[in-house]
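The values are calculated or read from the model by the stated rules, or taken from the named source; none is laboratory data. Since this is a predicted model, take the numbers as computed values, not measurements. No Cβ is skipped: glycine too gets one built from the backbone with ideal geometry, and neighbour counts run over all protein chains shown. Accessible surface areas use protein heavy atoms only, side chains included; no ligands, DNA or RNA. Shrake-Rupley method; radii C 1.70, N 1.55, O 1.52, S 1.80 Å.
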Amino acid sequence: MPTDKPKSIQSASGINPVSGRDPELQGPFERLADELQAHLNHGAKLIDCPHCRYHAAVEEQGFAPIYFSHCLLCRTKVRFVRMRCACGTLNAYDGAQHQQCVTCSTPFTYTDVVKQNEPKVCGEESPDHYEGAQALCHICCKSHNTVFEFDEQWLCLDCLEEHRSPGRCETCETVQTGDLEDSFEKGCMLCGGRITWD
């Protein structure tokens, strides 16, 4: 005899693996209804919080392609880039915690983020020139280039920090963000500069 399927399946952690929501937040979410409606009445845009997955985060736009969200339920603040997965789900990509589709778990690569968010293409250079990162980021200090140009703004797709135009170290000639004014003497994030030659 067939039995009815349960309306929600919970993992050992208490998180519903289908929705990614913690059922313990359902009550507080329902009590937020009036506050959420007040935000909507004042023109705010509400989205699903990238952290708790409840439709309780206020979204604000930064410079393209950056967005910010502040969840009124779990109080989490997220800086993110919008990504639409091939499965149709709209996601928040932040380079660290949120790097894959919340529905089908497809990971997003830097190239995916760049292609969807249309970086600036200058002059006669082909669009594929911008598929590779342009510089190292002095904040997250990865060993590979993570900084891309988006409409005259420079953005690290690993830590989502904004940067001024990158420079070139006067000692090792590595292209990177950060202050390189004294790089001939003091070096950069990859080298010790001329002081190490003596």
- Item | Matching residues, segment 19-69, being in contact with a Cys (Cβ under 6 Å, 6 or more places away or on another chain), in a loop (DSSP other than H, G, I, E, B) and either at pLDDT 95 or above or open to solvent by less than 20 Å² (accessible area, probe 1.4 Å) (or both) | 49, 52, 56
- Query: Has segment 180-196 got at least one residue that is among the polar types (S, T, N, Q), part of a loop (DSSP other than H, G, I, E, B) and open to solvent by 20 Å² or more (accessible area, probe 1.4 Å)?
  - Reply: no
- Query: Could you count how many residues in segment 70-87 are in contact (Cβ under 8 Å) with a residue 12 or more places away in the chain, closer than 20 Å to residue 29 by Cβ and outside any strand (DSSP E or B)?
  - Reply: 4
- Message: Need pairs with beta-carbon distance below 8 Å; first residue farther than 16 Å from residue 169 by Cβ and in a loop (DSSP other than H, G, I, E, B) and within segment 137-158, second basic (Lys, Arg) and open to solvent by less than 70 Å² (accessible area, probe 1.4 Å); sequence gap 6+ or separate chains.
- Response: 151/120; 152/120
- If we ask which residues in segment 159-179 are outside any strand (DSSP E or B), more than 19 Å from residue 81 (Cβ to Cβ) and either of a type in the set (Ser, Thr, Tyr) or out of contact with any Phe, Trp or Tyr (no Cβ under 9 Å at 6 or more places or on another chain) (or both), their number turns out to be 7
